[in-house]
Amino acid sequence: MNYITSCPACETQFLLTKDDLKAHRGKVQCGQCNQVFNAKNRLIEVSDDIHSVDEYTAAEHTDDIEENNISTEMADFETETPTEQLEPSHTADERPISAALNEVLETVPNLADLSTQNEADNQELHGSYTANQAITQQNTDFIAEEDIDIDAVRAPIFIDDITADPNFQLTKPKRNIWMILAAVLLLIAAILQSIYFLRSTIAVNYPQLKPHLEEACRHLNCNVNLPQHLDLLTIDDSDMQESDDYQNVINFSSLLINNAPHAQAFPNIELTLTDTDDQPVLRKLVPPKDYLNSGVNIADGMLANEEVRINLAINVQNLSVAGYRVLITY
């Protein structure tokens, strides 16, 4: 497809193609006056048969001649047509337009008359509604006074006592006394069992209950012992040395610490002697009465945050001892 554009400065026409328009986004320069303008604003689309501006001008001149010929023919045709044939023929029943328009306008009601008529209709409708409402109210009053028995409405309502009927039986929920008694006994047994197994902890936390627990244990052949929590006990600062006074005797010393906020039972000391290969050669379980001094009451246990020094003299009987391991147990 080809296009014709013209310079806005000198009106010189040029023939362009699509490639020319795409080259610089439609901007071209006039070869006559060097004016730069956008050809897209002044485009005329022509057929592909036109390859120059002269061909376009000649074709445009031919079109003008044909248009002039057509105009001349139409003028001649209008001149030859008689005037009386162009005028429309009126029948006897037809009237002028102004007369018909006036007749139509006379049939249109006046807006002011319509508003007045509408208000009158509304008043009439409101009056009819008021009259109907009054009639309805009169009918209601008439019904309320004549047809309704006021005494019957105000009279109390009596309900028959169905329990007086011999066939009536009141269903009462049945409670199984034995089931309730069994549940209570199970609850008591669970509480007593908890007290039995937690008697030592209860005696420590509630000292006022300890005499009662001891009295109960005398009948149940049990003891109220002190708590035994190994995780709250620590053995530290341990050492083992050969005795300077006795042959084949090793002196062992350590520090036992109670980290609990309450008293605990004294634990047993398990001492294991090992050789150079860390193999046990002698194991000895030492109860509290063997590592405590004679003046200590074992039944009172270790007080809260108390530290007890342990000293033991062990006869190794010519065994080769190179190390040791110490544990605390109950």
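Remarks
- Only one entry of Asn248, Asn221, Asn205 meets the criterion of being exposed (fewer than 15 other Cβ atoms within 10 Å of the Cβ), touching a Leu at 6+ places or on another chain (Cβ under 9 Å) and modelled with pLDDT under 90, and that entry is Asn248.
- Subset of the stretch 196-215 (residues that are in contact (Cβ under 8 Å) with a residue 12 or more places away in the chain, over 26 Å from Leu327 (Cβ atoms) and hydrophobic (A, V, I, L, M, F, W, C)): Ala203, Leu213
- Scanning the stretch 207-260 for residues that are over 15 Å from Leu303 (Cα atoms), among the small types (Gly, Ala, Ser) and in a loop (DSSP other than H, G, I, E, B) yields a single hit, Ser243.
- Any chance Asp277 is over 26 Å from Ser200 (Cβ atoms) and assigned by TED's automatic domain parsing to the domain that holds Thr234: yes
- Subset of the stretch 305-330 that is surrounded by fewer than 12 Cβ atoms within 10 Å (Cβ to Cβ) and more than 20 Å from Asp237 (Cβ to Cβ) - its residue that is modelled with the highest pLDDT: Ser320
- Number of the condition not met by Asp278 [criteria: (1) surrounded by 15 or more Cβ atoms within 10 Å (Cβ to Cβ); (2) touching a Gly at 6+ places or on another chain (Cβ under 8 Å); (3) touching a residue at least 40 places away in the same chain (Cβ under 8 Å)]: (1)
- Some residue of the stretch 289-298 being surrounded by 14 or more Cβ atoms within 10 Å (Cβ to Cβ) and in a strand (DSSP E or B): no
- For the residues Ala313, Ala260, the requirement of being under 30 Å from Pro207 (Cβ atoms) and not acidic (Asp, Glu) singles out Ala260.
The values are calculated or read from the model by the stated rules, or taken from the named source; none is laboratory data. Computed from a predicted structure; not experimentally measured. A quick note on method: Cβ atoms are made from the backbone with ideal geometry, for glycine too, and the neighbour counts reach across all protein chains shown.
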